[in-house]
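**Q** My questions will all concern the structure given below.
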Amino acid sequence: MEPSGEAAGLASLLTSRRMCRDFGEDAIPERTLEVVLAAAFRGPAAGNTVALDLVVLDGDDVATYWDTSLDAQRRASFPWPGLLRAPVLVIPYVDPEAYVARYAEPDKAHTGLGSGIEPWTVPYWWVDGGAAVMAMLLTAEAHGLGALLFGQFDHEPDLRRAFGVPDGRRALGTVALGRPAGARSGSSSARRGRPAPATRTHAGRW
């Protein structure tokens, strides 16, 4: 059976999507940005927990982001100067305590997950948050935008303070958005390639 147009389109997006590290300075149309951001809230959420927030930065706020996370010495040798031109940065934040509170409610209390973060052997705030980010990346690709998810690492506390984010919220990283400036060159990690699905798929048992 041939895939439907929508299925073929999704397969094409998954195949063509690449991280973009070289952006033009063109602004993103407001409606396009709204669609990309809205996609983050269409992903799965354990217990339908409301725990995702997006901090959306443009203009001077983008400059503040880089001033906070990339000092002048590191910026001089930064290997991806085109990343600094991205007109929009989106920081997705999750709230682990929102999951604890949701699973303390009567319909979920039997799970024992409402007593704190420790019982969560799989922290679903990361699982659901990752799905939200992937939804944004695919929607950006569908609208002709480049996108890059990159980590904050030891800058997370400083960035949280710089943008007034409440304590307890955790950043999934940062998503840069904009028009690609040219060919998307991969990082050294990308050159490792991807495994053939059949080599990592186990039917019935390992």
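Readers should treat all values here as calculations from the given coordinates under stated rules, not as data from a laboratory. Worth saying up front: this structure is predicted, and the values here are computed from it rather than measured. All Cβ positions, even for glycine, are placed from backbone atoms using ideal geometry, and neighbour counts span all protein chains on display.
**Q** Of A131, M19, V100, which is farthest along the charge dipole of segment 1-147 in the positive direction, counting Lys and Arg as +1 and Asp and Glu as -1 at C-beta?
**A** M19
**Q** How many percent of the alpha carbon pairs in segment 1-106 exceed a separation of 20 Å?
**A** Details: 3366 of 5565 pairs.
Tail of the P(r) past 20 Å holds 60 percent of the pairs.
**Q** When H155, H110 are ordered from fewest to most other Cβ atoms inside 10 Å of their Cβ, what list results?
**A** Fewest-to-most Cβ neighbours within 10 Å comes out as H110, H155.
**Q** Follow-up. What would the Debye formula give as log10 I(q)/I(0) at q = 0.10, 0.24 Å⁻¹ for the alpha-carbon point model of segment 110-204, no solvent?
**A** Reported log10 I(q)/I(0), two decimals: -0.46, -1.29.
**Q** How high is the FRET efficiency from A131 to R75, r the C-beta distance, R0 45 Å, rounded to 0.05?
**A** Once rounded, the FRET efficiency stands at 0.90.
**Q** List S69, S115 from most exposed to least, where exposure is judged by having the fewest other Cβ atoms within 10 Å.
**A** Working: S69 18, S115 12.
Ordered from fewest to most neighbouring Cβ atoms within 10 Å, S69, S115 come out as S115, S69.
**Q** Among Y65, H143, I91, whose Cα lies farthest out toward the positive end of the dipole of the chain, if unit charges sit on the beta carbon of Lys, Arg (+1) and Asp, Glu (-1)?
**A** My answer, from the dipole projection, is H143.
**Q** If you don't mind, another one. Which value, in Å to one decimal place, does the Kirkwood hydrodynamic radius take for segment 133-180 when every pair of different Cα atoms is included?
**A** Working: mean 1/r = 0.0836 Å⁻¹.
One over the average 1/r among Cα pairs gives 12.0 Å for segment 133-180.
**Q** Taking θ as phi - 60°, what are the ³J(HN,Hα) couplings along segment 87-99 by the Karplus curve (6.51, -1.76, 1.60), each to the nearest whole Hz, with x for Gly and Pro?
**A** Result, rounded to whole Hz: x, 9, 10, 10, 9, x, 10, 10, 10, x, 5, 5, 5.
**Q** Then there is this: Any chance you could get the radius of gyration and Dmax over the Cα atoms of segment 19-182, in Å?
**A** Rg and Dmax of segment 19-182, Cα atoms, are 17.1, 55 Å.
**Q** Separate question: Let me know the charge dipole size of the chain about its Cα centre in debye, to the nearest 20, where only the beta-carbon of Lys, Arg (+1) and Asp, Glu (-1) is charged. List each step's numbers first, then the result.
**A** Values: 21 positive and 24 negative charges, 207 e Å.
My answer is approximately 1000 debye.
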